1. Under 9 Å by Cβ, and 6 or more places apart or on different chains, what pairs join a residue from the range 129-142 that is under 14 Å from W181 (Cα atoms) with one that is among the polar types (S, T, N, Q)?
2. Please note which helices (runs of 4 or more DSSP H) are completely contained in the range 1-95 and include at least 3 residues that are among the small types (G, A, S) and at pLDDT 70 or above.
3. Does the range 102-122 contain any residue that is in a loop (DSSP other than H, G, I, E, B), of a type in the set (D, E), within 19 Å of the chain's Cα centre (by Cα) and at pLDDT 75 or above?
4. Please give the number of the condition A138 fails out of (1) surrounded by fewer than 17 Cβ atoms within 10 Å (Cβ to Cβ); (2) closer than 24 Å to R188 by Cα.
5. Which pairs turn up if I take residues in the range 96-110 that are farther than 14 Å from A148 by Cα and look for partners that are of a type in the set (D, E, K, R) and surrounded by 17 or more Cβ atoms within 10 Å (Cβ to Cβ) with beta carbon separation below 8 Å, at least 6 apart in sequence or on another chain?
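The values are calculated or read from the model by the stated rules, or taken from the named source; none is laboratory data. Quantities reported herein were computed from a predicted structural model and do not represent experimental measurements. With ideal geometry, Cβ positions are generated from the backbone for all residues, glycine too; neighbour counts draw on all protein chains shown.
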Amino acid sequence: MFAAGPATNLFAAFVCLMLLGGLAATLTSSNMNPHVQGIVKDSGADQAGLQPWDTILRIDEVEIDGVEGFQATMSGYAANDTILVDVLHENRDCGIYRLRIRAGGQIPPHFHRLMGEAELVMSDGLMLQEQPVPGGVAHFWPLELVHAYQNPTDVERSILCVNRPVFDRSDEIAIAAPDVWPDVEPFRKRFFGLPQPGELPS
């Protein structure tokens with residue numbers, strides 16, 4: 001999140017230039033969101049923490065589709081506006097993503113054959129394998145282990161996800177919910193927050 005005005009004007013101008021250059025770059029992606037090829041030091045984008053090869057997903061909840069979508073969205077902002085930008089970080093080795101699960105939504109049961117995946121639950125309220133999962137807990141998923149999340153709360157919840165190699169939609173293999181969910185305890189590690197009653201130390 002950052003303030004608009006001169007910094008945002010620089011952000012828009014320089015990111016547009018980098019995006020235009022990035023379209024011809026050798027690094028390719030399976031999504032249509034625009035990529036940043038480089039960041040100008042001390043610009044609004046730099047101050048906001050953007051990195052080269054970040055992908056701009058949304059600006060103030062508006063999905064960004066290509067350079068034209070970025071330009072059209074940014075044209076609606078004026079000096080001293082505050083802008084919330086969702087990005088994902090990718091390089092040639094891995095990708096870091098924020099998975100947003102809407103109120104009442106879910107990430108359906110699925111597994112991966114190729115991508116290594118680790119997911120960190122950012123707050124309480126989510127269900128994993130139809131059981132409550134506390135915030136601050138991460139899971140390092142083995143290949144072909146089925147997992148799914150549900151959000152029964154009335155607010156959006158987030159998961160921080162790391163894929164190695166970068167996310168490949170074709171390797172997000174959907175499956176019907178199993179009669180018995182795989183045990184996730186062996187793959188769990190707590191990163192922040194207090195252990196819950198009965199939770200094994202990690």
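1. Cβ pairs passing all conditions: E130/Q150; P132/Q196.
2. Filter on the range 1-95 gives 66-74.
3. no
4. Here A138 clears every test but (1).
5. I96/E90; R98/D86
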